Structure formats: C-alpha cells, structure tokens
Amino acid sequence: MLLSPNINNNGPLAEQEVGNQLFPVFIKLNKLRTLLIGAGNVGLEKLTAILNNSQYANVTVVAENIDPAIQQFVENYPTLKIKQKSFEADDLNNIDIVFAATNDNVLNEIIRAEAHRKGLLINVADKPELCDFYLGAIVKKGDLKIAISTNGKSPTIAKRLKEILNEGIPAELDHSLQNMSALRQTLKGDFAAKVKRLNQVTEGLINPKKSFAERNIKWLIWFSIVLFIISAGLTLWNTEPEFKSFLIHIDPLFYWFLGAGFVFAMVDGAIGMSYGVTSASFAMAMGLPPASASMAIHISEVLSNGIAGWMHYKMGNVNWKLFKILIIPAIVGAVLGAYILSSLEHYSAYVKPVVAVYTLVLGAIILLKAFKVKRKSVTQKIKKIAPLGFFGGFIDAAFGGGWGSIVLSSLIAGGRHPLFSLGTVKISRFFIATLSSLTFFTMLGGRHWEAAVGLIIGSALASPIAARVSNKISAKTIMVAVGIIVMVASLRSVVMFILKLI
C-alpha cells in the first residue's frame with residue numbers, strides 16, 4: 001500500500017496553498033497493483049498512457065461498459081485484467097494506486113473518498129482539485145524519460161513542450177546512456193574513483209577532439225575562395241576584355257540583381273531553401289539563358305554559402321559524418337549537370353521552358369510545404385545519402401536550383417535533425433557552388449557579369465544577418481510568398497515560349 005494522503009481538501013491548508021507544491025517521482029507500476037475505474041474514451045487514454053510507459057504494469061480495469069479498443073489490449077498485455085461490472089468499495093482491496101476515469105462526477109467523488117479511506121493515492125480525470133497526483137506529458141528516448149507538468153494549469157503547454165523536446169533530443173542519446181552504463185559496470189574502486197574516471201571520459205563530450213576536417217575547414221574554405229578568384233580572374237583576363245569597362249559603365253541590370261540577391265538570400269536564410277529556384281526564375285524572367293542564369297547563381301553562392309557555412313561551423317551545427325558521405329557525390333553531380341547545361345547553351349530557347357516548368361513545380365512544392373500538416377516523427381533515418389547528394393547536385397546545377405529543396409527536405413523528412421541537416425547542407429553547398437561555377441566558367445566564359453556581380457554582392461550582404469532576422473518572420477508567410485512568386489515568374493516564361501511558337 002502506498003503512503004496515505006490524509007488530506008482534507010476543505011481545510012485551511014488547501015486554501016493557503018500557493019505555488020507549485022508538486023514533488024516529481026517515477027513509479028514502478030510493474031511492481032504495484034493499479035486500479036482503473038472507467039473504460040470509455042478517457043479510460044482508454046489513461047490506460048494507453050500507463051501501458052506505453054510500463055508495458056508490464058499490473059492493471060485491473062473496472063467498468064460497466066468497455067470500449068472495444070480496451071478489450072484488444074488484453075491480447076498484448078497479459079498483466080491487464082478487465083472486470084465488466086459496477087464499481088464497489090471492495091474493488092479497492094489489495095490495490096496500491098487508483099485512477100478514476102468515469103463520466104459520472106458523483107461516482108468519481110465517491111471513489112476518491114473510498115480510496116482516501118483506505119490510504120490510497122488517486123488520480124481523477126479532468127479534475128485537478130481532486131487529484132493526489134497528475135500524469136505529466138512524457139518524453140521517451142529509450143531509457144531516458146522526461147516528465148513535464150504544468151501543475152494542472154495547461155495540458156496544452158505541456159503537450160507543446162513535449163513536441164519540442166521530442167524533436168530536439170536525438171534518439172542516439174539512448175546509445176550514449178547504454179554506453180555509459182556499460183562503462184560504469186567495468187569501473188573498479190570506490191565511489192570517488194568511479195566518479196573521477198567517469199569525469200575523465202565525459203570531458204571529451206564538452207571539449208571533443210576535432211577531426212581533420214573540423215580543424216582545417218577554415219583554411220579549406222579560404223583556399224577554395226582564393227582558387228576560385230584566381231581561376232575566374234585568369235578566365236576573364238583571357239576571354240572577356242569588356243569586363244574592365246564593367247565598373248565604368250554599369251548596366252542597370254546589376255542593380256536589379258543586387259536587390260534580388262539580397263532578398264533571395266534573406267528568404268533562404270529564413271527557410272533553409274529556395275535561393276536557387278527564386279534566383280533562377282528571376283534570372284530567366286530578366287532574359288538570361290538557363291546556363292548563364294545557373295552560372296550567375298552558383299558564382300554568387302560561393303561567397304554567401306562560404307559565409308553561411310562558416311557560421312554554422314562556428315556554432316557547431318555541422319554533422320561531419322553526414323558531410324563526408326554527401327560531399328563527393330554532390331560535387332560529381334553538380335559538375336556533370338553544369339557541363340551538360342553549358343553544352344546546351346546554343347539551344348537555350350528550348351531549354352528555358354523546360355527549366356521554367358521545373359521551377360514551376362518547385363514553386364508549387366514550396367507552397368504545399370507551407371500548408372503541410374505536421375507529420376508523425378520518423379524513427380528510421382534516411383540511409384541513401386550518396387545517391388541523394390548526386391541527384392541534388394546534378395539537378396541544382398542543370399536547372400539553376402533545388403539543392404535545398406531536394407536534399408535538405410529529404411534529410412529532415414527522413415528523420416535527420418533539422419539544425420544539423422541545415423548546417424551540413426549549407427557548408428556542402430559552398431563546395432558544390434565552387435566546382436560547378438568553375439565548370440561553367442570553363443565552358444561559357446564570363447557572360448552576363450551584371451547578374452553575377454549583383455547576386456554576389458546582394459547575397460553576401462544578406463548572409464550574415466539572415467539568421468538573426470529570419471527568426472522574427474513567419475516561415476509560413478515567407479514560403480507562401482516565395483511559392484507564389486516563383487510560380488508566377490515560371491508561368492510567365494512558359495507562356496512567353498508558347499506565344500513565340502504560336
């Protein structure tokens with residue numbers, strides 16, 4: 001029998017009770033005898049909560065009417081007993097803890113009075129003032145359990161906190177717990193010696209030893225930027241003497257792309273995708289051929305993604321194991337896509353509507369994502385990372401965008417952590433943009449520099465502030481606006497092509 005409450009809720013102590021007086025405990029229901037009175041919808045909810053957390057709980061259900069769903073529990077839970085009958089005081093004999101879940105308030109109070117007379121703790125559904133204890137929202141990751149309570153004030157807030165913690169705490173944490181438990185079993189000596197050894201082991205979690213890639217990512221990014229600038233400069237020196245006059249006679253197109261680059265980079269920072277597809281739609285609407293548009297986009301992304309990737313690296317948002325699997329196939333796909341698109345530059349009049357249809361579809365996908373109902377959590381992570389990287393890199397280079405829409409969305413939908421997926425995708429994008437840009441340069445030379453320089457400066461200016469500003473703007477609102485703008489611009493290109501054919 002549990003500790004007797006001996007509570008008189010009509011006394012002065014109850015009236016003077018202030019603040020949260022709850023004392024959190026975790027009860028071994030598999031070693032206690034539990035009585036649940038009521039087997040309707042509320043009873044089903046209580047029983048589900050009990051069995052989900054303690055599948056070997058010894059539970060007896062007493063009710064005149066039994067929900068069929070509760071009857072089905074008997075097949076999977078042998079310690080569950082069902083008695084289809086009216087409640088009697090004798091039902092409390094040989095019981096340790098009680099749950100009242102009937103739709104009869106008078107009966108619930110009778111049950112509570114009888115439980116207290118026998119010194120039993122009781123939870124009365126939807127009546128916090130009658131409860132000796134509450135059932136909190138539970139976050140479960142293997143052997144880790146976190147219980148959340150709002151002192152009966154707002155179950156909705158408890159539910160929302162549960163959702164946040166479920167998403168924020170990785171499932172791999174349970175592996176860490178098992179490893180620590182196994183290590184603890186191997187330790188010898190007294191308690192002080194074991195604590196000292198555990199502190200030495202866990203110190204690496206706080207100050208982990210960085211891998212070669214982590215230690216040298218700064219220099220790798222700078223080397224790639226310098227290599228890109230030198231290669232681009234040599235190409236321009238040999239193929240585009242007009243570039244010298246660019247700074248003197250700036251085309252108004254530069255200012256259009258300067259503003260567009262800033263806006264599109266801000267949007268990309270807010271929702272983690274759409275820079276390529278918005279820029280591609282805008283560039284083609286401004287008259288650029290698909291290959292030149294893709295080249296301008298990828299050149300601008302060298303600097304902006306280098307900055308964004310560096311910031312994610314400094315904040316520790318990069319999954320290096322995922323990065324190693326993703327990067328090589330993505331670069332191969334991007335270079336191949338850039339080569340094929342550049343080879344079709346002379347057929348841009350026919351390639352342009354194909355790309356416009358692609359961006360139209362992506363615009364529709366972004367619009368649908370804005371209104372998509374939250375999906376259930378995914379327990380099985382996506383495994384085919386390398387093919388995903390190759391496909392995303394190829395499509396991104398060949399059609400001017402889609403890396404974030406394809407790869408980031410797939411990683412998150414496949415159960416990967418959103419924050420680490422975003423950081424890994426951003427830093428991977430830097431290397432993809434660098435190699436695909438060099439491919440475009442080699443194939444096309446320096447064309448439409450007004451667009452490229454405008455996007456470079458605009459996106460670079462936006463990158464450092466996008467993350468800070470984005471958390472003040474509704475992601476749904478941004479996605480709706482982006483989806484509509486992309487679809488309108490893409491439809492315009494398709495309609496213009498059809499009109500020319502007519």
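Summing +1 for each Lys or Arg and -1 for each Asp or Glu among the other residues whose beta-carbon sits under 12 angstrom from that of Lys140 gives +1.
Scanning residues 5 or more positions from Lys81 or on other chains, those with amide H under 5 Å from its amide H are Val59, Thr60, Val61, with H placed 1.01 Å from N in the peptide plane. Taking the alpha carbon gyration tensor of the range 91-161, multiplying each eigenvalue by 5 and rooting it gives semi-axes of 26, 16, 9 Å, largest first. Considering the range 46-117, its Cα convex hull presents a mean projected area of 4.9 nm².
Counting Lys +1, Arg +1, Asp -1, Glu -1, what net charge surrounds His175 among other residues with beta carbon under 12 Å of its beta carbon?
My count for the surroundings of His175 gives -2.
Length gained on full extension, Leu183 to Ile169, computed as 0.36 nm times the residue gap minus the Cα-Cα distance: 2.8 nm. Scanning residues 5 or more positions from Phe99 or on other chains, those with amide H under 5 Å from its amide H are Leu35, Leu36, Ile37, Asn123, with H placed 1.01 Å from N in the peptide plane.
Using the Cβ of Leu435 as centre and a radius below 12 Å, the other residues enclosed give a net charge of -1, where K and R count +1 and D and E count -1.
Modelled this way, with points 7 Å down the Cα-to-C-beta line, the labels at Leu368 and Ala193 are 6.3 nm from one another. The Ile230 and Val357 beta-carbon pair, evaluated with R₀ = 41 Å, returns a calculated FRET efficiency of approximately 0.65.
Separation of the alpha carbons by more than 28 angstrom is noted, of Lys85/Lys118; Lys127/Lys369; Lys188/Lys324; Lys196/Lys426, for Lys127/Lys369; Lys188/Lys324; Lys196/Lys426. Taking every alpha-carbon pair under 8 Å whose residues sit at least 6 apart, the range 52-126 reaches a relative contact order of 26 percent.
Readers should treat all values here as calculations from the given coordinates under stated rules, not as data from a laboratory. Only a predicted model underlies this, so the values are computations on that prediction, with no experimental measurement involved. Neighbour counts run over all protein chains shown; Cβ positions are idealised from the backbone, glycine included.
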